[in-house]
Structures are given as structure tokens and as C-alpha cells.
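**Student:** Shown below is the structure under consideration.
None of the figures in this text is laboratory data; all of them are computed from the coordinates on show. Computed from a predicted model, the values in this text were never measured in an experiment. Methodologically, a virtual Cβ is constructed for each residue, glycine included, from the backbone with ideal geometry; neighbour enumeration extends over all protein chains shown.
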Amino acid sequence: MDSKAFIRVDGLVKQYGPHRALDGVSFQVDEGHTLALLGPSGCGKTTMLRCIAGLETPDAGRIEIAGRVVFDAAQGINLPSEERQLGIVFQSYAVWPHMSVAENVGFPLRVRRVPKAEQQARVARMLEIVGLGAWAEKSATQLSGGQQQRVALARALIHEPRLVLFDEALSNLDAQLREQMRMELKILQDRLGFTAIYVTHDQAEAFGLAERLVVMNRGRVETEGGPRSVFHRPATPFVARFLGLNVLEGEMLGSEAGQAEIRLPQGMTLRGMLGDGTVPTRGSKVLACVRKEHVRFGAGLPAELRASSFLGLTEEYVLDLGGVELRAVQPPTGGAPGDRVQVAIRPEDCVVLPAG
Amino acid sequence: MSATGIGRGVAPARVEAPPAPRRFLGLQRALPAAGVIAGLLLVAGPLLAMLVRSLLVWDGEAARLSLANFTRVLSEPRVWEAVGNTALCGAGATLLSCALGFTLAWLVARTDMPGRRWLELGNLIPFFLSPYVGAISWIYLFAPGSGLLQQFAMRHLGLDLGFINIYSLGGVIWVLTLFYTPYVYLFVMSPLKQMDAALEDAARVHGAGFWYTLRHVSIPLVSPALLSGALVVFITSAGLFDVPLALALPSNIPTMPTEIFAAVQYPADFGRAAAFGMMVLGVTILLTMAQRRYLARRRYEVVTGKGYRPRLLPLGRGGRIAALTLEAVYIGGAVLLPMMALVMVSLSRLWTGSFDISRASLANFTYVLFSFRLTQQAILNSLTLAVTGATIGVALAVLQAYYLNRGTPSRRGLADALLSLPLGIPGIILGLGFLILAIRTPLYSTLTIVLIAYVARFFPFATRTISAMFLAINPELEQSARASGASWAQSMRWVLLPLLKPAVIAAWLMLFVIFIRELGATILLYAQGTETISVALVLLADRSAGYVAALAVVQLVLLLLAFTLFRLTRTTVTQS
């Protein structure tokens, strides 16, 4: 195990009646890093975050933050939320409507009995940082969504917690604001140096914010790694589908130097890179995962154009590849439904994984 | 090209005159407006009559305008004593029912208290019972010397509870608290249930403990609802005639409602009563306006819709025992013990303060139901009033709710304020207004005037309930019906009314319950032959405990029947 891990989650299980929300989740985060918990709704990522925050009590496993065990089912340790020294930003902002902006932001200091004068100074400084200096005395309900988000962020950071949790924190903002907040968050984190865990179902957000990704599915960790490796080499068919790749069924023909040759049901052959792990045996079922942007028009497999939708710089095409649907995103070519086309997929753009 | 083709095809249609622009209001606007106007007249009539009467003084045969009635009332020490006592009762009942109502709602909504599904319902039962009967039952339980509870405590626990006197302000406050707790409970229940749990979780994660979070986050967030509930409880409990009649009057403790009642008994002094009534009304209206202003500033959007449901707090063993004990005290004190006492007394031929099962008999019931003219007539009158009154009230409420939610926006605010006025007016005061209005007309001493007073005093309850349902119905649902070719009446009949049905049924049952037990207005308006169950209970109170208890049980059965139907329709009372 990595000794400098700042957060260590080990074999966490959370059961709701017959439903297993967390089914043995383990991961680690280094100090000052950002981890994104990514996955479709219901995969357990929010439950995971709430267990770290102490808002849910897991049924088994262990959580360690900054060298301190905050939860351990075996030893019966379960620190209440308020003793875990965290900051949290919720999707609904959870800005208290009966308090002013300054009171909201100052709350963690007030609870910790920081002297009044110091409280005021720190709140003022924090509000400057998040760009709400002029709003301190406003009622929190008078603010726009983006501003409330900043209040929630300032409140989560004011007491300088070493770990800050974000629960779909940007999902309620419109696209432009989200983009801007994402950048600001990165800058803030560089400046304040906190460790962050970021729950999201939006892959762009996860890639943009995190140094490390944990993709979850049905209460389990599906894959884990840096954004680039998760993006370029999807480890499982689930990850490939979740990231929006084409996933084609095929049969293994053979492999050579990490490159596999597979046969699609229609008899066409396709070459791709073998994913990490074991080499599938000849004749076994495999899946070929191809990013839409990597399905290019040009000499190769014959297909029929079914539909297209114009996206501006690119156009998304729905192709019929011998009865199988294939999607491509390419610069607009102006094809019409029914056109016969040919598509080419480079072996290095295609990841071959064992099926099932 | 195609346009001319079509034009040619339908050319004859063009000859027809275009439909005349509708100058007339049309049903769509006339009907709801009529409902609002009827409501306004029902409120304004008695109040204006009372205002005028309070300013009139008779010199022999000629009346003249004067403030003499007011100066006279204000100079009487007994009036000030009555006002002080009533304020004390109202404040005491408000504080206690806020504490009890909030705690019970919190236990049900936010903890893992065992049996909370049933208790959630059980806590509401007193809402449907009669406070007058409750007060009588508590006399059976705690009458000086002969109360069932005192005897029980003496015999089995060796405790002498003789120092507690039920005929006191304390007794009034106790019974009022039992009956008004469900009001607060209903007011705070939905914010407690629907509050975004992240608001509390954020406090916990950022370092606040459980009690700190409760005090600085949870309670402040519920406080607008709690304060609304508190004001409603204060105004209505202070104005309630039933409980002081049973518990304060026998000790000659003056209270506002009983003083107004006394003023119109023979020899009646209507000027004095009207002046007193006007002052009470002034205070009520001021309080209501203050509440409206306060709420307009502080209505939090606690419900964000994007949050998630609160977790249930594990109480632990000690907490569970404490919670269940509180529930037992409340439901026991408000429902079970009074019912038990009533049944015991009603089954005893002669009530002496102890129940002997071997001598139990149904004689009281036989007499009350089959032989006694007064009680038979009273039951018939109450049922007639409740059924017709609830029907008229609900019809009026549907029209008003339509106006308040779909009518001209600029006029809604004022209409809403005026139409909710009766919510705060004590029944005895509105009754007084109607008495003054009707005393020289053929309506006097008819069942009709009682019916009118009932509808006038209580239609806002129905309007509120139905209005709340309107908020959940998107106007586009009716607009789609209109766009599909339905007339306004058709869109009402096939789209809006079916959607409103749950609220309409709830409102009808609520009015039915209120009318079956109403006393404050009826006591001033009844005459021989138009007695209701509640009036008969008062009239018989001095004669026979057995008849009173038997009749009270009959009323109780009617009320519980309505409560059961209310539950079966699976709707919740919305009052805020």
C-alpha cells in the first residue's frame, strides 16, 4: 500500500435493505490531489461520498483520513460528521436561507469558536477570493444560483479543511457558468492545497478537474486511473459504454504483438489493441471499443448512412454496419440517409476487450 | 397557390359574420366572481352590523351615534380581567401546543420512533374532536373530589391529586393545548418532511453537533411555519367559547368569550357586546396583518426539489422510551382517557364518580336516541346543518379558489386577504354579528341563520384546502382541454373538477366535522327547535351527566366516522 495516501477507503459495504449500494469499495487519494468518483446515477458514488462525510454509516469496511481512522466497522469506530474536519459542497448548494452570506460562510468558524474579529477578517478574505466581497450582508436567498454556489464553496473552505467533498457540485449551473466555476475551482485548489473528492456523472467535469478517476458501477469500482488512461484505454465494456464509445461484438481470430484481429458477425475483420490483462483465446467472444471521433470515412468497411445530425464543427452520423449500429463524429461531409459509404478504423484507435 | 385553393373551397364560410366579440363576462369570469362576492358579503354583513350596533346608543326611543358603549366596556374592571385571562389562556395554550406540536412532528418526521406511521395519524385525531366534549370529559376525569383520575391515583398510587383544580385557567390551558397541538403539528410537518436534508448535513459536516444544528439550522428553518401555526393557535384558542364555558365559568372566572355570551343573555346589552366584539376583532385583524407581513418577508424556499430526503435519526433506547412516553401522554390525554371517561359515564344510570361494570346499561343511549325530543331534534339539526353547510361551503370554496388561482392577478391579493379574514374571527363574535343582523328579520331563530353563520365563519378552511390543490394543477391542463375544443364549463367538468376531487372531499369532510361540533356561533343563534348537538350538551349539562355523555358519544361517533372517511380518501390537510 502507498504510505503517503491521504485518504484510504478499504472494502466499504453499505446495504439498504436488499440493495447493496456499496459492495466492497476501496481506493486511495494522495494529499493535495483531486479524485473524481464517476458513474451513472445509482452507481453508489454519492453514497460513497456521504460515508466519507459521516452522513451515512457503512456496514463494513474502513475509512482513513489524514492518518486518522474515522470509520472502522471491525473496531467499532465511527466519528460523527462534525469531528471529521471536512468541507462539503452539495448539488442543491444548501445555503441557509435564514442567514446572510457572511453568516453562512462564517458558520464553520462560529462553530469552532474562533474569535469574532478573526472570523470577520477571514470571512471577508474568503468572500474576496470567491468574488462575493460586495455581497457579505445580503440575504443568501437574494443570490443567483452561481453566487449561491460560491457561498457554498466559501463555506466549505473557510475553516481550511484538508479534505473538501463535492457532491455533483456544478450540476445545477448552466453550461457556461459550470465551465467558469471549474476553472476557478482548479485555481483555488492550487492556491489552498486541499485534497478533493468530486462526485459527478459528467465525464467532462471529471476529466477537467481530477488527477485520478474512480469509475463506479453498481456499488463496485469498475476502473481506476488517471483521466488520460481511463479515457484512452477503457478498461471494461461498461466504462467504454459509459464514456460513449461504440462497442461492437466480435470473435477473436488471433493476436500479434499486443494487436488483435477480430471478426465482426458480418464477416468483416477489424484490428485493434488488446486491453490490459489476459489475451483472449482464439474463437472467444470479444468486444471492440471505438471512439466515435475515430470512425473515419475512407476505404475500409462498407456501411450505409442512416441519419446525421449537424453539430457545428462536426456532424454525428448513425451508420449501419451490416446490421450493427455504429456512430461516427466527423467534419460535416453532407451525406444523405441511404448513402453507401466506407469507414476506416485504425488499429490503435480500437480497444479489444474480452466479452462478459 | 395553395392558399387561394383553400380560400376558394371554403368561400361560403367567409360570408358568415365573425362571432361577435364577447362583451359579456361569460360564465368563466362571472361564476368565480360571484363566489368571491358571496364570500365577501358573508363576512362583511355581520361585521358591519356589529360595527353599527356598537356605535349606537338608545335614548328612550331614539338612537344616536356615540362611543359610549366603548367607554363603558373599557371602564369595567371585569372586562379587563376577562381580556387578561383570555390572553393568558391563549398564550399558555400557544406555547404548550407549539412545544408539543413541534416535538411530535419532529419525532414522526425525522426519527426512527417505533410505530410512527400509526402515531402520525394518532396525533391528528384531536383535530377532529370537539373541545367542549373534551373539556367535559376532563371534568369527569378530574372533577374536584370525584374525578376518575384522582380516585385512581388515590386508590392505587396513594397520591392525593386534590390540589389540582380543573375549573381554573390551568384547566382551560391544558384542554386547549390538547386540542390545538395538531394545528402546530400540521403546520410544521411538511417543512420538516420536505426540507432539503443537505441544509442540516452541511452544518454537521462543517463542524456543528446535533443540538447546535437543531438550534441554529433546523428550528430557524421551520420557524416561519411554527410562527404561523402559533398565531393561528393564539387567535383561535383565545376566541374559543367551548372550553372556558365548561371550565372557567363554573368558577366565575371571566373570559372574553364567556363575557360576550353573558352580555347577550337576558337582559341583553347588545351595545356592550358589540363594542366588546369590535375590540376583539380589531386585535385579531392587527395580529393577522402582522403575521402576513412577517411571512411575506421570511418565506423560505426550504423545498428545493433538487435536494434529498432527510435521514431518520436513530433515537437509541432511552430516546425511544422518552418519545413513546410523550406520545402516550398526548394521545392518552387528548383521545383515550376522555373517550374512556365518556363511555363510562354514558353507561352509568347515575354518575357518582365511579364506574361499576356490572350495572352498566344502555338506558342513556335509548333515551337520548329514541325518547328525548330535544336530543333527537338536536341530532337531526346538526346533521342537516353539517351536510348542507359543508356542501354549500365547498361549492363556494371551489369558485373562490378558482378566482384566487386563475383570476385577474391584480385583484387576487386583496380578495385572498379579505376572504381569509373569518379564519381569525372567533365564532362567538361572528355569531354576535349575525344575531344583530337578523334579530328583527324573519331569519331570526331559524336554522337558516345558523347555516349562514356556519358557512360564513368556516368557508375559508375549505377555500384554503382547495386553493392548495390548485397550486399543484398546471393551468395548461385546462388550457389543453380548451384548445381541444371544450367550453369552459366542459373543461371544468372533465378536467379541473376531477383533478380537484381529493381536495374537495377533504374540504367537505373538514367542514362536516367543524359543523357537527360548532358551539360558539350556535349558542347565540339557536332558538327552541333549532338546537344542535353541542347546544343540547350545554343545555343538559346541569341536568344529567348520563344524557350528556351519551349524546357526546353519539357526536363522537359522527366525528370519528368523518375522520375515518378522511383517512380513506388519503389526502392531507393543508392549512398554511
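**Student:** For A:Arg306, put the label point 7 Å out on the Cα→Cβ axis and report which residues of segment A:316-356 keep their amide N under 18 Å from it.
**Tutor:** A:316-330, A:335-344
**Student:** Normalising by the residue count of chain B, find the relative contact order in percent from Cα pairs under 8 Å and 6+ residues apart.
**Tutor:** 22 percent
**Student:** Quick one: helix A:145-157 against the long Cα principal axis of chain A, what's the angle to the nearest 10°, folded into 0 to 90?
**Tutor:** Around 70 degrees separate the two axes.
**Student:** Something else now. So for the pair B:Leu313, A:Ser171, with labels modelled 7 Å out along Cα→Cβ, what separation do we get in nm?
**Tutor:** For the pair B:Leu313/A:Ser171, the computed spacing is 2.7 nm.
**Student:** While we're here: Need one word for segment B:359-422: rounded, prolate or oblate. Basis is the Cα gyration tensor (sqrt eigenvalues a ≥ b ≥ c); a/c below 1.5 gives rounded, then a/b vs b/c decides.
**Tutor:** Since a/c reaches 1.5 and a/b is larger than b/c, the shape of segment B:359-422 is classed as prolate.
**Student:** Report the calculated FRET efficiency for A:Ser229 and A:Glu325 (r = Cβ-Cβ distance, R0 = 22 Å), to the nearest 0.05.
**Tutor:** Step by step, r from the Cβ atoms, then E = 0.20.
**Student:** Oh, and also: Could you tell me the distance between the Cα centroids of segment A:158-186 and segment B:60-90, to the nearest Å?
**Tutor:** Answer, in whole Å: 65.
**Student:** Under a crude label model (7 Å from the Cα following the beta-carbon direction), how far is B:Ile285 from B:Arg412 in nanometres?
**Tutor:** In this crude spin-label approximation the distance works out to 2.5 nm.
**Student:** Positive end of the charge dipole of segment B:380-525 (Lys, Arg +1 and Asp, Glu -1 on Cβ, about the Cα centre): tell me which of B:Thr384, B:Thr522, B:Gly433 has its Cα farthest that way.
**Tutor:** B:Gly433
**Student:** Which shape class applies to the protein assembly as shown: rounded if a/c is under 1.5, otherwise prolate when a/b exceeds b/c and oblate if not, where a ≥ b ≥ c are the square roots of the Cα gyration tensor eigenvalues?
**Tutor:** Cα axes put the protein assembly as shown in the prolate bin.
**Student:** Hey, fewest Cβ within 10 Å first, where do B:Asp242, A:Asp349 land in order?
**Tutor:** A:Asp349, B:Asp242
**Student:** Sticking with this one: Residue separation times 0.36 nm, minus the C-alpha to C-alpha distance between A:Arg241 and A:Ala74: what's the value?
**Tutor:** Here the segment from A:Arg241 to A:Ala74 would lengthen by 56.4 nm.
**Student:** Return the single residue from A:Ala344, A:Ala154, A:Ala117 with maximal mean-square fluctuation; model: Gaussian network over chain A, springs between Cα atoms under 10 Å.
**Tutor:** A:Ala117
**Student:** In deg cm²/dmol, rounded to 500, what helix-only [θ] at 222 nm does chain B give when every DSSP H run of at least 4 residues adds -39500 (n - 2.57) and the total is split over its residues?
**Tutor:** That comes out to -22000 deg cm²/dmol.
**Student:** Nearest 10 degrees is fine. How inclined is helix A:175-192 to the longest principal axis of chain A, computing both from alpha carbons?
**Tutor:** 60 degrees
**Student:** Spin-label point model (7 Å from Cα, Cβ direction): what's the A:Leu313 to B:Arg292 distance in nm?
**Tutor:** 5.8 nm
**Student:** If you take the beta carbon distance between A:Ser284 and A:Arg191 as r and set R0 to 60 Å, what does 1/(1 + (r/R0)^6) give as a FRET efficiency, to the nearest 0.05?
**Tutor:** 0.70
**Student:** Still on this structure, I have one more. How large is the charge dipole for chain B, taken about the Cα centre, if only the Cβ atoms of Lys, Arg (+1) and Asp, Glu (-1) carry charge, to the nearest 20 debye?
**Tutor:** Roughly 1700 debye, rounded to the nearest 20.
**Student:** Still on this structure: Treat every Asp and Glu Cβ in the protein assembly as shown as -1 and every Lys and Arg Cβ as +1, leave all other atoms uncharged, and give the resulting dipole magnitude about the Cα centre to the nearest 20 debye.
**Tutor:** 1260 debye
**Student:** Once the piece of chain linking B:Ala62 and B:Phe210 is laid out straight, how much longer is it, given 0.36 nm per residue of separation minus the C-alpha distance between them?
**Tutor:** 46.3 nm
**Student:** What whole number of Å gives the distance from the Cα centroid of segment B:144-166 to the Cα centroid of segment B:490-516?
**Tutor:** 47 Å
**Student:** Stretch B:Asn165-B:Ile37 to full length: gain in nm at 0.36 nm per residue minus the Cα-Cα span?
**Tutor:** Full extension from B:Asn165 to B:Ile37 adds 41.3 nm.
**Student:** Please compute the contact order of segment B:139-200 in relative form: average sequence separation of alpha-carbon pairs under 8 Å and at least six residues apart, divided by the residue count, as a percent.
**Tutor:** So the answer I get is 20 percent.
**Student:** Still on this structure, please answer the following. Mind pulling the angle between the C-alpha long axis of helix A:101-111 and the longest principal axis of chain A? Nearest 10 degrees, somewhere in 0 to 90.
**Tutor:** 70 degrees
**Student:** Can I ask one more? Which whole-Hz couplings ³J(HN,Hα) result when phi for each residue of segment B:451-463 is put into the Karplus expression 6.51 cos²θ - 1.76 cosθ + 1.60, θ = phi - 60°, listed in order with x for Gly and Pro?
**Tutor:** Values per residue, Gly and Pro as x: 4, 4, 5, 4, 4, 4, 6, 10, 4, x, 4, 5, 4 Hz.
**Student:** Can you tell me the relative contact order of segment B:345-504? Whole percent, Cα pairs under 8 Å, sequence separation 6 or more.
**Tutor:** 23 percent
**Student:** Return the whole-Å distance between the Cα centroid of segment A:200-239 and the Cα centroid of segment B:390-458.
**Tutor:** Cα centroid of segment A:200-239 versus Cα centroid of segment B:390-458: 64 Å apart.
**Student:** Would you work out if segment A:80-174 is rounded, prolate or oblate? Take a ≥ b ≥ c from the square roots of the eigenvalues of the alpha-carbon gyration tensor; rounded if a/c is under 1.5, else prolate when a/b is larger than b/c, oblate otherwise.
**Tutor:** Because a/c hits 1.5 or more and a/b fails to exceed b/c, segment A:80-174 counts as oblate.
**Student:** Where both partners of a DSSP beta bridge lie in the protein assembly as shown, what percent of those bridges are antiparallel, to the nearest 5?
**Tutor:** DSSP beta bridges in the protein assembly as shown are roughly 75 percent antiparallel.
**Student:** Please order B:Ser544, B:Ser480 by the number of other Cβ within 10 Å, starting at the fewest.
**Tutor:** Ranked by crowding around the Cβ, least crowded first: B:Ser480, B:Ser544.
**Student:** So what is the 222 nm mean residue ellipticity for chain A from helices alone, if each DSSP H run of at least 4 adds -39500 (n - 2.57) and you divide by all residues, rounding to the nearest 500 deg cm²/dmol?
**Tutor:** The per-residue figure over chain A is -7000 deg cm²/dmol.
**Student:** While we're on this one: For an R0 of 45 angstrom, estimate the FRET efficiency from the Cβ-Cβ distance between B:Ala360 and B:Asn474 and round to the nearest 0.05.
**Tutor:** 0.20
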